[in-house]
There are 2 protein chains.
Amino acid sequence: MIDFCLKPLDSRSRFSLIANHRCHCEKGHDGKCSEYPYLQDLEKTYEKVAQKIKRDSTNTTGAAWASKDAGPNRILRWAMLLSDEELRGYGLDMSQLRPGIVAKLREKAAPYEDCMQVAMKLAWLVYQMPDAPTPPDSIRRYLEGVFRGMIPGSTKCEVCLLPISFNLFSTAQRGKAPIETCHKNPRVHNADNVGFAHRECNIAQGAKTLDDFYAWVEGILVRARRL
Amino acid sequence: MIDFCLKPLDSRSRFSLIANHRCHCEKGHDGKCSEYPYLQDLEKTYEKVAQKIKRDSTNTTGAAWASKDAGPNRILRWAMLLSDEELRGYGLDMSQLRPGIVAKLREKAAPYEDCMQVAMKLAWLVYQMPDAPTPPDSIRRYLEGVFRGMIPGSTKCEVCLLPISFNLFSTAQRGKAPIETCHKNPRVHNADNVGFAHRECNIAQGAKTLDDFYAWVEGILVRARRL
């Protein structure tokens, strides 16, 4: 396991006090501090993939709340750990949002360090997708130090368990990427619980845990007399 | 099987020439002509259910195309059988819509008589839902004449095959009813192919035929070593 530098970094977010970004280079590293040192190669070669990893790991999702009274579309997940009163101090009035929206946002709450581990996990999985670029040695060593050895081409859709190709990232249409970040338990945001899924697989899983989804479809197949 | 009156009815739609509404009372009936005589009781007691049956049977759906350049949200399904040129005559310029929208609309095309049969099938299924109101004898006889004898409480979700309660119609929230009209084959709109499904079941089925959905989840369960 890697020890991180964890030196505080500057932030330009309006939640800068909440944000509390920290360096995740290895402790005692050379050169500049960086929050996502393992994304430096993807940022150059596949910038959108790097951005997706950062966004999905740190922000709440926003698709369903694009209406006027739904509040900001995406919020830092660890901001959702603060009280309504603390959030008012940052200019976000949760009482102005519909109760259903508040519940959805609060459900996405996760500590900063969990989000950082999620980003590392997603990067580790991306580099093991079929057709993925080969990571620079330093990044491979870093990610293997955090998790386990990488097996090229081994990343599968968490739902349907078929290989999920890196090339699918580049076929996004109107904000609908055919690859989505998914959660084995939709209410838990940490490295163990996240992975990638085909969009249609993630949609089919819905709000269920993966175990509940499998049990649900098993029941369906029994009733359809296919089992 | 019932013979219908089929006398043309007036229409106030801007597609009135296309609409070509016809009486679906039994041939030789007493009293006024009516396009949906079997909905007259639901129209009084559960107006929204009657409206949903009419809307889902005759109109294309609109959810995904609520944007400015997506054109009218709902269109008569049989209008989608007309050529682009004919539609221009009715003030609808298909060439102004994005190709993806046009494809989705065209895919929903169905002849008027098929839509009428779909409405009858949905009414027949509604009256057989657990907790459904009892139909007046005249309506029961009409619908049983078109299809088969009704078995109270026998209507099931077409996807998960569990009973689907009439009471779910009244728990719609923000346009998201927990019951949806579904298609065993999403590209075929006729009485044989339609039914009701729980919203989450319909979403899980997605664009697949029901057979393909079952085969798909079966493959998943095999890979998950649950079969």
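The values are calculated or read from the model by the stated rules, or taken from the named source; none is laboratory data. Everything quoted here is computed from the prediction, not taken from an experiment. For neighbour counting, all protein chains shown are included, and Cβ atoms are generated from backbone atoms with ideal geometry for every residue, glycine included.
Here are the numbers for the structure shown:
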read-out	value
Any hit, the stretch A:203-226, residues being more than 14 Å from chain B (Cβ to nearest Cβ) and under 24 Å from B:ILE220 (Cβ atoms)	no
Every residue from the stretch A:172-202 that is facing chain B (nearest Cβ under 9 Å) and out of contact with any Gly (no Cβ under 6 Å at 6 or more places or on another chain)	A:GLN173, A:ARG174, A:CYS201
Set A:VAL102, A:VAL146, A:VAL126: member being at pLDDT below 95 and more than 14 Å from chain B (Cβ to nearest Cβ)	A:VAL102
Yes/no for A:SER154 being farther than 21 Å from A:GLU180 by Cα and among the polar types (S, T, N, Q)	no
Pairs where the first residue, in the stretch A:194-223, is on the phi < 0 side of the Ramachandran plot and crowded, with 18+ Cβ neighbours inside 10 Å and the second is β-branched (Val, Ile, Thr) and assigned to a helix (DSSP H, G or I), C-beta under 6 Å, 6+ apart	A:VAL194/A:VAL118; A:VAL217/B:VAL217
So B:VAL159, is it touching a residue at least 40 places away in the same chain (Cβ under 8 Å), within 14 Å of another protein chain (Cβ to nearest Cβ) and aliphatic (A, V, I, L, M)	yes
Verdict on B:LEU162 being farther than 29 Å from B:CYS23 by Cβ and among the aliphatic types (A, V, I, L, M)	yes
Positions within the stretch A:110-131 being out of contact with any helix residue (DSSP H, G or I) (no Cβ under 8 Å at 6 or more places or on another chain) and within 18 Å of A:ASP3 (Cβ to Cβ), in sequence order	A:GLU113
So B:ASP93, is it of a type in the set (D, E, K, R) and touching a residue at least 60 places away in the same chain (Cβ under 8 Å)	no
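Per-residue answers, yes or no, for (1) assigned to a loop (DSSP other than H, G, I, E, B); (2) free of Cβ contacts under 8 Å to residues at least 60 places away in the same chain:
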position: B:GLY100; (1), (2): no, yes
position: B:LYS104; (1), (2): no, yes
position: B:ALA110; (1), (2): yes, no
position: B:GLU113; (1), (2): no, yes
position: B:MET116; (1), (2): no, no
position: B:TYR142; (1), (2): no, no
position: B:PRO152; (1), (2): yes, yes
